[in-house]
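What follows is calculated from the coordinates using simple rules that are stated; it is not laboratory data. Since the model is a prediction, treat every value here as computed from it, not as a measurement. Note: ideal-geometry Cβ built from the backbone for every residue, glycine included; neighbour counts use all protein chains shown.
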Amino acid sequence: MYQFDYHRPTSLDEAAQILSQDDEASLLAGGQTLLPTMKQRLAAPSQLVDLSGIAELKGVREDSGQIIVGAMTPHDTVANDKTVQAKIPGLAHLAGEIGDPQVRNRGTIGGSLANNDPASDYPGAVLGLGATVRTNKREIPADDFFLGLFETALDEGELIKEVAFPVPKKSAYAKFHNPASRYAIVGAFVASTEQGVRVAITGAGPCVFRVPEMEQALNSNWSADAIKDIKVAADDFNTDLHASADYRAHLVTVMAKRAVQAAG
Amino acid sequence: MPDTGAQRVLRKEDNRFLTGRGRYTDDFNRQGQAYGVFVRSEMAHAKIKSVDTSQAEQAPGVVAVFTGKDMEADGVGSLPCGWTVTDRHGNPHKAPPHWPLARDKVRYVGDQVAFVIAETDAQARDAAELVAVDYEPLDAVVETGKALNGPQVHEEAPDNLCFDWEIGDKQATDDAFAKADHVSKVELVNNRLVPNAIEPRAAIGEYDPGGDEYTLYSTSQNPHLLRLILCAFVLNLPEHKVRVVAPDVGGGFGSKIYCYAEETTCVWASKKLDGRPVKWVATRTEAFQADAHGRDHITTAEMALDKDGKFLGMRVDTIANLGAYLSNFSTAVPTYLYGTLLAGQYKTPAIHGNVKAVFTNTAPVDAYRGAGRPEATYVVERLVERCARDLNIDPAEIRRRNFVQPDEFPYQTPVALTYDSGQYELALDEALKMIDYRNFAQRRQESERRGKLRGIGFSAYIEACGIAPSQVVGALGAGVGLWESAQVRFNATGSISVFTGSHSHGQGHETTFAQMVADKFGTDYNNVDIVHGDTGRIPMGMGTYGSRSLAVGGSAILRACDKVVEKGKKIAAHMLEASVDDIEFDQGTFRVAGTDKQKSIGEIAFAAYVPHDFPQDVEPGLDETAFYDPANFTYPSGVHIAEVEIDPDTGETQIADWVAVDDFGRVINPMIVEGQVHGGIAQGVGQALLENTVYDPDSGQLVTGSYQDYTMPRADDLPSFRVGMTETPCPHNPVGAKGCGEAGAIAAPAALMNAITDALGTEDIQMPATREKVWRVAQQRLAPAAE
Ligand SMILES: Cc1cc2nc3c(=O)[nH]c(=O)nc-3n(C[C@H](O)[C@H](O)[C@H](O)COP(=O)(O)OP(=O)(O)OC[C@H]3O[C@@H](n4cnc5c(N)ncnc54)[C@H](O)[C@@H]3O)c2cc1C
């Protein structure tokens, strides 16, 4: 690790202000991505702005029929939250599938979404449920939030405050773990909502994406059988030690089927 | 007094381990200590044109920066290979030098180039980035199969060949193949593994100019051996002036046997700094890059059989990757610990093995849990399974037909070893019963109904451990003898301190040895403390590896206990006014035969140190030392059977069941032994399904350099193992123990791969059988049916 300064502001404004005055400053949430990167000397922020002192960023609440998850809420809290479990079981399940207990107790939804790792899980739920990302400046619909590999719609100095999840009729997440890191090789989030079915796939490509063909098929027939022959193209999928692009493409269908089955 | 023998008592050492009170090397901090960080090569192969340390030397807190040139100027020697292998033509293996800090070339990613020492660890890391190394890149070779034709790693070794070695009778083997009714053949990859001890290596070198003495704290499995190599070969130091302390050590699996560059450099640097202690603690990245790796063979093996499935002859050709430099025992692993085990549990009359050991631009390879024997078992048991499938003979039956029988011991194999004992069929029968082999077909059908593929796989392994008779290993080229020492000291108040040359780094010696000694003297095991890991406290010893601690170290302890009893008898004879010949000893009591005159060993011990009325010919003290050199290797054996269920849709392999029936000879603490079996199987499962060390074939970079990419087995990858045991005591050591530390890792890969290939109906898959590989094979196999 290189030398850095540390701040622990108690309000969003204060955090935003420090950030706006220094291009090299970085927000610190659970540190599960940022700190290992710093230890490897691959990142060298001049200042760390620790968000853990800002009370309003933490916790889960219900508001106008939506589930609101604060940016600093650890995965473990979401996984074990009674309301989430009752209203959006797919989301609770997804949070409980992230990493290991240490990671789930430190890592946060805000950090995960801001980072937009192609193998991370939360983008699956956010896009799959058509959630809204609320920042200190605006509201960003999920369909506009995830732009590409580690790339989001967040502007320089913009902070995620919370995420608003509409409650679906049914939802489920099926994950094929990377055996080493336990990130997603392929994760399929399916939801049946008032506006129709949404299918979001994470892990397979450079960025989370929807599969309209599957959504249509499931809109007319909510069953695993309805999508069993729908194949996605492997063209821009990831290939690494653990899975080639065409294996991932195959798994997209398998995991989507499993998610539909799990949602019931 | 409780009989603690063969008892599942809890491990004494776990109190400190589980409450965070273990004392590991990194927990020691010495007065005035500075911190060292290695600058490591980022190139797989390159000439070092220059190393500019000037900027680093100016950095805050920097105490010194050393390079290979500094060590060269100081006459520092090469890290030695301690086992000379003689090739097929009678020549010794090629032994290019291995400098602790590279001098003119780097040969793998992670090779040490410079050592930066600073007031703090962070300062040392900052400064290390300022060392500017000017490299001239060279072509690299990392793949085992390409080494013989690859860019040359060492001038001393044309074709990258370290040695071309053979064992067995080639002519007799060729003759067997000529008359065979059938020949079966397998082509196998034994994947390279990173040892992954939970505690990374660490060292503190400390020179005391006052007494011209050195102390090294280090994560070693064998502190005396480390001292010997350090003094005699690398740093040229007087052995009596060097103390090596290996305190609590968090796992080794072989990787902490060796004298490495890093601890050597710490000791040397402390002298250069006039006595400032220098501490180095490996990062996990360094552990991946620079711990000695394991395995890495490619092999073709053939079996000649008659029409009844009797083995007539076996032929094995192996290329073994030794990495960029020879680690201390690297040459012995693919030869004397591998070729000699190719008979397995079978009476194959003629065997010929050829091993070509090669250099590549990868981390050195040396002994890793099992060391050669897992590789041998993998070859033999995959081949035997293949024979059964080719000839359509039940895999249990083909083994039965070829087993060495109980009345045939001692059995001389065609590959040098003499097996002393074993009941191979007994273990097989027990394992078949435990796994309910008879109903396997039903279980398979049931899996098929759920769209799953089920398979069953056998591994009947034998290993040679309890290494080793000094005379035998000496004749085979070892630079050391492999005996063990023990000192058993009664304290005046009756408690017992046992000093052993074995070293515990997770095995539970402090409990097992204490149980054994307590049993001998009829006392509670809490009255016995086991002291290990410090050359300053313990007689010269040889350490722990090759499942030798109980068989060899434990035997030395029993011998020392016997000497204590003999000495005790003299004291008792004096106290009881009897003749020594009339004194009997049993369960802690000395008695005049046929009388009720007796003294407890506690009374004897007290008298031994308060000898107010001892006659001239009875020495005070009750403290005896013994050295034990085994008469033979020990030969644990057993049968593991794995049952798997594969999901052809994803390639996931679920281990549905696992039974292990092992014969370790006498067992002292079954709980500890079962733990060793569980851990060994876990590592074997890791090798077969998950773990793989990948270097990029073009750049030579280590691709699997962290846990993000290197897949360790986890609890949820493993089934609940079912462990059974048969007990055929070792006939030639006083404990009767054979050794259990490596068996799981030896047996497991073959059992699992045999099960997977059985499920898939093809042999065409190599370890690790990752989900994608299994999926591809399953798709091919199911494709015609699907159409
Ligand atoms: C061993 C391990 C296994 C893991 N496995 C998984 C897995 O299976 N699935 C998965 O999805 N993830 C996994 N993760 C990632 C982890 O779950 C976190 O989601 C991730 O590390 C980011 O969250 P964090 O709170 O740790 O963010 P940090 O590491 O603190 O920050 C990450 C980035 O986000 C920025 N940031 C943080 N908070 C905000 C905010 N409110 N607004 C704007 N920017 C912000 C930071 O500046 C930084 O650039 C794993 C991590 C580890 C270490």
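As an exercise, identify the trypsin sites (Lys or Arg not before Pro) in the range A:192-264 lying in DSSP coil whose Cβ has no more than 16 other Cβ atoms within 10 Å. In loop regions of the range A:192-264 (DSSP not H, G, I, E or B), the sparsely surrounded trypsin sites (Lys or Arg not before Pro) are A:LYS228, A:LYS231. Quick one: check the C-alpha center-to-center distance for the range B:43-86 versus the range B:338-408, whole angstrom. Value for the Cα centre distance between the two parts: 41 Å. Candidates B:LEU341, B:GLN598, B:PHE403 compared by Cα position along the dipole of chain B: farthest toward the positive end lies B:PHE403, with charges placed on Cβ. Of A:GLU158, A:GLU139, A:GLU24, which has the largest mean-square fluctuation in a 10 Å C-alpha GNM of chain A? Among A:GLU158, A:GLU139, A:GLU24, the largest mean-square fluctuation in the Gaussian network model of chain A belongs to A:GLU24.
Counting Lys and Arg as +1 and Asp and Glu as -1 over every other residue whose Cβ lies under 9 Å from the Cβ of A:TYR173, the net charge comes to -1. Look at the dipole of the protein assembly as shown built from charges on Cβ: of B:GLY90, B:ALA431, B:VAL528, the Cα furthest out on the positive end belongs to B:ALA431. Counting Lys and Arg as +1 and Asp and Glu as -1 over every other residue whose Cβ lies under 11 Å from the Cβ of B:GLN289, the net charge comes to -2.
The label-point distance for B:ASP27 and B:PHE614, in a model that sets each label 7 Å from Cα toward Cβ, rounds to 3.7 nm.
About the Cα centre, and with charges only on the beta carbon of Lys, Arg (+1) and Asp, Glu (-1), how big is the dipole of chain B? Nearest 20 debye, please.
380
Given B:LYS49/B:LYS279; B:LYS567/B:LYS599; B:LYS49/B:LYS146; A:LYS231/A:LYS257, which pairs have Cα atoms separated by over 18 Å? Over 18 Å Cα-Cα: B:LYS49/B:LYS279; B:LYS49/B:LYS146. Using the Karplus relation 6.51 cos²θ - 1.76 cosθ + 1.60 with θ = phi - 60°, the per-residue 3J(HN,Hα) values for the range B:139-148 come to 5, 10, 10, 10, 8, 3, x, 9, 4, 5 Hz, with x marking Gly and Pro.
Less than 5 angstrom separates the built amide H of B:ALA197 from none of the residues sequence-distant by 5 or more or on a different chain. Taken residue by residue and averaged, Cβ atoms of other chains lying within 10 Å of the Cβ of B:769-778 number 3. Free of any chymotrypsin sites (Phe, Trp or Tyr not before Pro) that DSSP assigns to a loop and that have at most 15 other C-beta atoms within 10 Å, the longest stretch within chain A is A:3-149.
Just add up the charged neighbours of A:ASN115: K/R +1, D/E -1, any other residue whose Cβ is under 15 Å from the Cβ of A:ASN115. Computed value for this residue: -3.
Under unit Cβ charges (Lys, Arg +1; Asp, Glu -1), what dipole magnitude, rounded to 20 debye, does the protein assembly as shown have relative to its Cα centre?
1320
Shape class of chain B from the Cα gyration tensor (axes a ≥ b ≥ c, square roots of the eigenvalues): oblate, since a/c reaches 1.5 or more and a/b does not exceed b/c. About its Cα centre, the dipole of the range A:25-103 is roughly 180 debye, where the only charges are +1 on Lys and Arg Cβ and -1 on Asp and Glu Cβ. Mean Kyte-Doolittle of at least -1.0 plus a Cα span of 15 Å or more along the axis: flag which DSSP H helices in chain B meet both, please. Membrane-span-like by this criterion, though nothing is claimed about a membrane: B:261-272, B:373-391, B:424-435, B:509-521, B:555-575, B:670-685, B:743-760, B:771-786.
Count neighbours as other Cβ atoms within 10 Å of each site's Cβ, and list the chymotrypsin sites (Phe, Trp or Tyr not before Pro) in the range B:314-414 that are DSSP loop with at most 10 such neighbours. Counting only loop positions with at most 10 other Cβ atoms within 10 Å, none of the chymotrypsin sites (Phe, Trp or Tyr not before Pro) in the range B:314-414 qualifies.
For the peptides B:118-125, B:188-195, residues were scored by their other Cβ atoms within 10 Å and the scores averaged per peptide; the highest-first order is B:188-195, B:118-125. If both residues of a DSSP beta bridge must be in chain B, then about 80% of such bridges are antiparallel. Taking every DSSP beta bridge with both residues inside the protein assembly as shown, roughly what % is antiparallel (nearest 5)? Within the protein assembly as shown, antiparallel bridges account for around 80 percent of the total. When the Cα positions of B:ALA518, B:PHE627, B:THR589 are compared along the charge dipole of the range B:483-628, B:PHE627 comes out farthest toward the positive end, with charges on each C-beta of Lys, Arg, Asp and Glu.
For chain B, the 222 nm mean residue ellipticity estimated from helices alone, with every DSSP H stretch of n ≥ 4 adding -39500 (n - 2.57) and the total spread over all residues, rounds to -8000 deg cm²/dmol.
Under 1.5 on a/c is rounded, so check that first for the range A:63-209, then, if it is not, pick prolate when a/b is larger than b/c and oblate when it is not; a ≥ b ≥ c are the square roots of the alpha carbon gyration tensor eigenvalues. It comes out rounded by the Cα gyration axes.
Extending 7 Å from the Cα toward the beta-carbon at both B:ASN15 and B:GLU727 defines two label points whose distance is 2.8 nm. Karplus-based coupling profile of the range B:10-20, in residue order and whole Hz: 5, 6, 4, 5, 5, 3, 6, 5, 7, 10, x, with θ = phi - 60° in 6.51 cos²θ - 1.76 cosθ + 1.60 and x standing for Gly or Pro.
Applying the criteria of a DSSP loop state and at most 16 other Cβ atoms within 10 Å to the trypsin sites (Lys or Arg not before Pro) of the range B:708-743 yields B:ARG714. The GNM of chain A, with springs linking C-alpha atoms under 10 angstrom apart, assigns the highest mean-square fluctuation among A:LEU12, A:LEU113, A:LEU129 to A:LEU12.
For the range A:151-186, the residues whose backbone nitrogen is under 12 Å from a point 7 Å from the Cα of A:GLU56, taken along Cα to Cβ, are A:161-162.
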